[in-house]
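Only one structure is covered here, and it is reproduced in the block below.
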Amino acid sequence: MSTRIRLARGGRKNLPFYRVVVANSTSPRDGKFLEKIGTYNPILEGDNTNRVTINKERAEYWLKNGATPSERVALFLNQLGIKGAEKYKADFEPRKKGHGAKKKAQELAAKLIEEAAKKKADEEAAAAAAKEAQEAPKVEAPAAESTAENA
């Protein structure tokens, strides 16, 4: 039976509050759980110490025994420096809706267009330099005869 460390929602409408729980992967989000190991209150400011509270010893125990954290809980565990959570430290891709995915796509497109324009300008500059080199008149050095006359 696989276990997950995940969030279970509580609170009322427009006032969320989450419990960090260890539950069977098949149980519903707000359903039966094995153990409550912490809380998460997204209403509090980000620098507030009570925003995320997790019992480190129990989290390490469950990670050692094969529990896998959800994406959000993995971020919390890494921020708190809990042993065993390092392997879940990954840059989570933003979901298609929200989280600035559209903005990131626009930035990437602008970057690609800029790189293409720079590459084209470099190619044009190289072609112009090659053309100048071919068209430049050849300047010959004075012949050896003129140096003999001076002597």
> Is it the case that region 98-106 has a residue that's closer than 30 Å to ASN55 by Cβ, at pLDDT below 80, in contact with a Pro (Cβ under 9 Å, 6 or more places away or on another chain) and not hydroxyl-bearing (Ser, Thr, Tyr)?
Replying inline: no
> For region 44-60, which residues satisfy the criterion of being within 17 Å of ALA74 (Cα to Cα) and either open to solvent by less than 90 Å² (accessible area, probe 1.4 Å) or basic (Lys, Arg) (or both)?
Replying inline: GLY46, ARG51, VAL52, THR53, ILE54, ASN55, LYS56, ARG58, ALA59, GLU60
> Among the residues of region 1-43, which ones are open to solvent by 30 Å² or more (accessible area, probe 1.4 Å), hydrophobic (A, V, I, L, M, F, W, C) and more than 25 Å from the chain's Cα centre (by Cα)?
Replying inline: MET1, LEU15, PHE17, PHE33, LEU34
> Filtering region 3-35 down to residues that are of a type in the set (Ser, Thr, Tyr) and touching a strand residue (DSSP E or B) at 6+ places or on another chain (Cβ under 7 Å), which residue is modelled with the lowest pLDDT?
Replying inline: SER25
> Which members of region 70-84 meet the condition of being open to solvent by 70 Å² or more (accessible area, probe 1.4 Å) and modelled with pLDDT under 85?
Replying inline: LYS83
> How about region 85-97: which of its residues are open to solvent by less than 100 Å² (accessible area, probe 1.4 Å) and at pLDDT 55 or above?
Replying inline: ALA85, TYR88, ALA90
> Which pairs do you get when a residue that is among the polar types (S, T, N, Q), found in region 17-29, comes within reach of a residue that is in a strand (DSSP E or B) and surrounded by 15 or more Cβ atoms within 10 Å (Cβ to Cβ), reach meaning Cβ atoms under 8 angstrom, with the pair 6+ apart or on two chains?
Replying inline: ASN24/THR3; ASN24/ARG4; SER25/THR3; SER25/ARG4
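The values are calculated or read from the model by the stated rules, or taken from the named source; none is laboratory data. Just so you know, these numbers come straight off a predicted model, no measurement behind them. Using ideal geometry, Cβ is built from the backbone for each residue, glycine included, and neighbour counts are taken over all protein chains shown. Areas reflect the complete protein model, heavy atoms only, side chains present, ligands, DNA and RNA absent. Shrake-Rupley method; radii C 1.70, N 1.55, O 1.52, S 1.80 Å.
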